[in-house]
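Trainee: After the structure tokens below, expect a handful of questions from me.
No value in this document is a laboratory result; all are computed from the given coordinates. Everything numeric in this text was worked out from a predicted model, so none of it was measured. Virtual Cβ from ideal backbone geometry, glycine too; neighbours counted across all protein chains shown.
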Amino acid sequence: MSQNLLEFKSVSKSYADNQVLKDVSFDIRPGEIHALLGENGAGKSTLMNILFGMPVIHSTGGYEGAVELEGEKVEIKSPFDAMALGIGMVHQEFMLIPGFTIAENIKLNREIEKKNMLNSISSRLFGKRMKTLDFKQMNKDARAALDRLEMNIEEFTFVAGLPIGYMQFVEIAREIDKTGLKLLVLDEPTAVLTESEADSLLSAMRIIAAGGISIVFISHRLNEITAVADRVTILRDGELVVTKDVKDTNALEIAEYMVGRKVSIERASDEARKLDDEIMLSIKDLHVAMPNERVKGVNLEVRKGEIFGIGGLAGQGKLGIANGIMGIYESRGDVFLDGKQMALGKTRKMLSAGVAFVSEDRKGIGLLIEEPIDDNIMFTAMSIHSEFLTSLRLSDKNAIREHARKMIKELDIRCTSEKQHTGRLSGGNQQKVCVARALTQKPTVLFVSEPTRGIDIGAKKLILDLLLQLSREQGMTVVMTSSELAELCSICDRIAIVCEGEVAGILPPDAPPAQFGLLMSGVKDFEGEVAS
Amino acid sequence: MTELTKENFSLLNSFRKIPFSTRAVGGLYLAVLILGIVNGFNISTLLSASLHLFGVWAVLALANVPSIQAGTGPNFALPIGIVSGLLAMVLVLSLDIKGMAFILLAALLAIVFGSLAGYLYGRLMNAVKGSEMAIAPYTGFAITAVFGLLWLAIPIGHPHMIFFLGGGLRHQIPLDQFDANFILARFLEIEIFGLEIRTGELLVVFAGCFLMWLFFRTKTGIAMSAVGRNPMFAKASGINVDRSRVIANMMSTAIAALGVIVYAQGFGFVQLYDFPMFMAFPAIACILVGGASGQRAKVANVIVGTFLFQGLMATALPVFTRVLEGAGFVNALRMIIQNGIILYALSRMSKGGN
């Protein structure tokens, strides 16, 4: 018998033409805490989906390579197979029934039945499902599981109303209560916890691992990984970068592995560029209630005419900033535009003040997909500045057509005519239409979110060049939010990295990749570590 | 020669663009017309009857355009607008105002009542976003019942309006007593080869259609369409989505109130009590047959759909009566066709004409 509990052997996976995992091999030892780390899209979720036999894997043609459990090749076809093999998972979203007690949740669908006369009669009459339950034993088991986690909450408390940290523990207790659990996967378990809750979770993890259960710990918080994990595996762009003993490495090195060297891409040298000192946009204590992109107190100052980048991992709140300022999601805080305080949540006022927004959600917010290009381009300018209207206040078809043709030419929008519906365009051309609509408003400040997401390389370059040109030639202030660090570094003057709803730090575009990586992972005071 | 095939090809193509529901109902209508002619009907008699129903229904069908465009779907609460119009007419009639003055004054009041009711209804639609089409029909039914009580209790003593015995308004108030029956229909009415053209009524209909067409070329109208297509897009462009939806429902309700005045003069009666209850579905079927979907409607959909659907309704009864020699189930057959088409149109609604 091999010493490994689980082994991935040359696992590859493609969705259609898109290869998301390339020849990934690593192993997990019994009783170890193994951290799995990578940027968004690095392949962590796909790997875990394979481990759990999720239907999405098998409906898209399965995977290549092998998964071995205790030295034997296993075919995990469904989550039930995974459970039967002793693999448990705690998801990011809690799967608990609020109206049940903790014990009932822990024992859900694995209830213990009473062994008595009445039960044997009723089960014969009505089937097994009608057996009465042994609550005493269930509570006892639940108690034991909670005790193992050193959690001193009563097992008969209802889940509804529990603090989030406790719910996380209930989820874990449910998994470890399962007999034969060998491997527990925790997917970003600390993301929703407070610091003290996270600490107690980490110590609970140590206890579980000491009991012989291996843990796969998915997290991007480097300090937690270095604190608790035995080994760390880093994925980048679907490839395995390295598997290392944590004691042989440090947060800085891990961050560098995660971000890689790809940051250093060509950047037009503009040494002579001197930034205006004038502050164009000042954001103070901004909170935005955007689902999955919550902003929890951001402070930023953007100078006139600069291209200001906002980066960070998905779900950390970078996208919430622009959406909150534009009033798409509820927000509070103070925003000053050119020294004037702006009312938050009033999209119309923001737009009339000369702020334009290219949303990250092209099809959901950015476009009327069943309408022609020209109507899309003119819409906001008509609604805000009453442009494209004839003297009779009717829409001026000629002006709209002429303007659309001009924009199509300038931005090289590939289409059959200005009357083509935007839904028929490719992603890159749709994005150009969104940008054209924003530019038609003649803005002084332009927010662009994920401008190159899902578009081809030619369109990508054109859009980045255009943003650069708007800033350099027209003095437009551009705030670009992007998940792609490389593209931020290629055109931005400064880059703020957002982590957990706050600005972790602001870096120049030529800062070393490891610094970006550390900020993304929530390590704020990296000065010391860089030096070490 | 090649020119010709190309021409044919594009004709075929434009035929393909016509939504199936329009083609199907159009085909049925044509079949009934042919059946009628074969059985000795005069084509002008059949077309006159078709035009008549078109004239009385078109404005009610038109009322659905703003609500569909703004994303609240067809106005299943059309009875709200209809009772507003009925109330306007009843009040004006009770003052014994007759003729064209009655029509104009009633129209004015109908717009006021309709807008007020539409405002409240629009607010309701905003409160139940996502389930508009479930709430709306029952709102219509409820308001019809409330007004049923009102017609009984309203203190009006005009002898032509109340029951002969006791108080309360009659089920049908005859407009001939007020010189207002067919008043729009008879205005500049002409007859060509036996085809009656109710000029005044049609003028009202086409004026309404033109104004609606114009409205959707204004800033407010374009904004309203965007709200219906993609509320998030509209919001991101600084448009007050809720306000736009309220305006749309005010327009829709007020137009329905006007529509019932055209309807009443076209038949010569003001019908009360449960009359509004089942007015919404045929009006909605008209616009859907014309190629509108639950999210998109044009004035052309109203004109084409109302003519085909109401034309079919107008001709099917007399033609079938003669063909089947007065069999007792002719009216049942008509009901089956009418409700069948309504059912079909509603089932196609989400997929849309295009």
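Trainee: Round to the nearest 0.05 the FRET efficiency obtained for B:HIS171 and B:MET335 when R0 = 35 Å and r is the Cβ-Cβ distance.
Mentor: In this case the efficiency is close to 0.95.
Trainee: Where the convex hull is taken over the Cα atoms of the protein assembly as shown, what is its projected area averaged over directions, in nm²?
Mentor: So the mean shadow area of the Cα hull is 52.3 nm².
Trainee: Let's see if you can work this out: charge +1 on each Lys and Arg Cβ, -1 on each Asp and Glu Cβ, no other charges. What is the dipole magnitude of chain B about its Cα centre, in debye to the nearest 20?
Mentor: Using Cβ point charges on Lys, Arg, Asp and Glu, chain B gives about 1300 debye.
Trainee: A follow-up question, please. Quick check: Cα centre of segment B:306-347 to Cα centre of segment A:347-365, how many Å?
Mentor: 51
Trainee: Can you give me the distance in nm between label points at B:PHE193 and B:VAL128, each placed 7 Å from the Cα along the Cα-to-Cβ direction?
Mentor: For the pair B:PHE193/B:VAL128, the computed spacing is 5.0 nm.
Trainee: Most exposed first by the Cβ proxy, i.e. fewest other Cβ within 10 Å, how do A:VAL192, A:VAL435, A:VAL159 rank?
Mentor: Values: A:VAL192 15, A:VAL435 25, A:VAL159 19.
Fewest to most other Cβ atoms nearby, the residues stand as A:VAL192, A:VAL159, A:VAL435.
Trainee: What is the spin-label model distance, in nm, from B:LEU30 to A:ARG348 if the labels are put 7 Å beyond Cα along the C-beta direction?
Mentor: In this crude label model, B:LEU30 to A:ARG348 measures out at 4.9 nm.
Trainee: Give me a single rounded figure for A:371-380: the average over its residues of other chain Cβ atoms within 10 Å of their Cβ. Don't skip to the answer; put the middle values down first.
Mentor: Numbers: counts 5, 0, 0, 0, 4, 2, 0, 1, 9, 7.
Other-chain Cβ atoms within 10 Å of each residue's Cβ, averaged: 3.
Trainee: Using the structure shown, select from A:LYS22/A:LYS77; A:LYS114/A:LYS182; A:LYS77/A:LYS432; A:LYS442/B:LYS17 the pairs with a Cα to Cα distance greater than 31 angstrom.
Mentor: Details: A:LYS22/A:LYS77 21 Å; A:LYS114/A:LYS182 28 Å; A:LYS77/A:LYS432 43 Å; A:LYS442/B:LYS17 39 Å.
Pairs exceeding the cut-off: A:LYS77/A:LYS432; A:LYS442/B:LYS17.
Trainee: Hey, can you rank B:24-31, B:276-283 by average C-beta count inside 10 Å, highest first?
Mentor: On the way: B:24-31: 17.1, B:276-283: 22.6.
Answer by packing, highest mean first, reads B:276-283, B:24-31.
Trainee: Could you work out the mean count of beta carbons from other protein chains within 10 Å of each residue's beta carbon in B:234-246?
Mentor: Averaged over the peptide's residues, the number is 5.
Trainee: In what sequence do B:PHE206, A:PHE388, B:PHE320 fall when counting other Cβ within 10 Å, fewest first?
Mentor: B:PHE206, B:PHE320, A:PHE388
Trainee: Which whole number in µm²/s is D for segment A:383-532 by Stokes-Einstein, with the Kirkwood Rh taken over Cα pairs at 10 °C and 1.306 mPa s?
Mentor: Answer, rounded: 89 µm²/s.
Trainee: Still on this structure, please answer the following. Have a look at B:LEU62, B:LEU150, B:LEU258 and tell me which one the Gaussian network model of chain B (Cα, springs below 10 Å) gives the largest fluctuation.
Mentor: Residue with maximal mean-square fluctuation among B:LEU62, B:LEU150, B:LEU258: B:LEU150.
Trainee: Let me ask something additional. Please compute the net charge surrounding B:LEU46, taking Lys and Arg as +1 and Asp and Glu as -1 over other residues with Cβ under 14 Å from its Cβ.
Mentor: Within the 14 Å Cβ shell, the charges total 0.
Trainee: Putting +1 on Lys and Arg Cβ atoms and -1 on Asp and Glu Cβ atoms, find which of B:TYR263, B:VAL241, B:ALA77 reaches farthest to the positive end of the dipole of the protein assembly as shown.
Mentor: Farthest along the dipole direction, towards plus: B:TYR263.
Trainee: Beyond 31 Å, what share of the Cα-Cα pairs of segment A:6-262 remains, rounded to the nearest whole percent?
Mentor: Working: 10000 of 32896 pairs.
Distances greater than 31 Å cover 30 percent of the Cα pairs.
Trainee: Given the DSSP H assignment, sum -39500 (n - 2.57) over each helix run of at least 4 residues in chain B and divide by its residue total; what's the result at 222 nm in deg cm²/dmol, nearest 500?
Mentor: -23500 deg cm²/dmol
Trainee: R0 = 35 Å: FRET efficiency of A:GLU111 with A:GLU150, Cβ-based, nearest 0.05?
Mentor: 0.90
Trainee: Also: If you look for lysine pairs in segment A:223-373 that are eight or more places apart or on different chains, how many of them have Cα atoms under 22 Å apart?
Mentor: Going through segment A:223-373 pair by pair, I get 17.
Trainee: Regarding segment B:154-297, what's the average projected area of the Cα-atom convex hull, expressed in nm²?
Mentor: Averaging across all directions leaves 12.1 nm² for the Cα convex hull.
Trainee: Moving to a separate point now. Computed FRET efficiency, Cβ-Cβ of B:ALA300 and B:PHE20, R0 22 Å: what is it to the nearest 0.05?
Mentor: It comes out at approximately 0.85.
Trainee: Let me ask another. Length gain on complete extension for the stretch A:LYS363 to A:SER120, per 0.36 nm per residue less the alpha carbon to alpha carbon distance?
Mentor: Difference between extended and current length: 81.6 nm.
Trainee: Tell me the relative contact order for chain A as a rounded percent, counting alpha carbon contacts under 8 Å between residues six or more apart.
Mentor: 15
Trainee: Starting from the alpha-carbon convex hull of segment A:366-442, give the projected area averaged over all orientations, in nm².
Mentor: Details: hull surface 18.2 nm².
Average projection, Cα convex hull of segment A:366-442: 4.6 nm².
Trainee: Let me ask something else. In percent, what relative contact order does segment A:366-442 have, based on Cα pairs under 8 Å that are 6 or more apart in sequence?
Mentor: Computed over segment A:366-442, the figure is 47 percent.
Trainee: How many Cβ atoms of partner chains, on average, are near each residue of A:436-443 if near means within 10 Å of its Cβ?
Mentor: Per residue, the number of nearby Cβ atoms from other chains is 1 on average.
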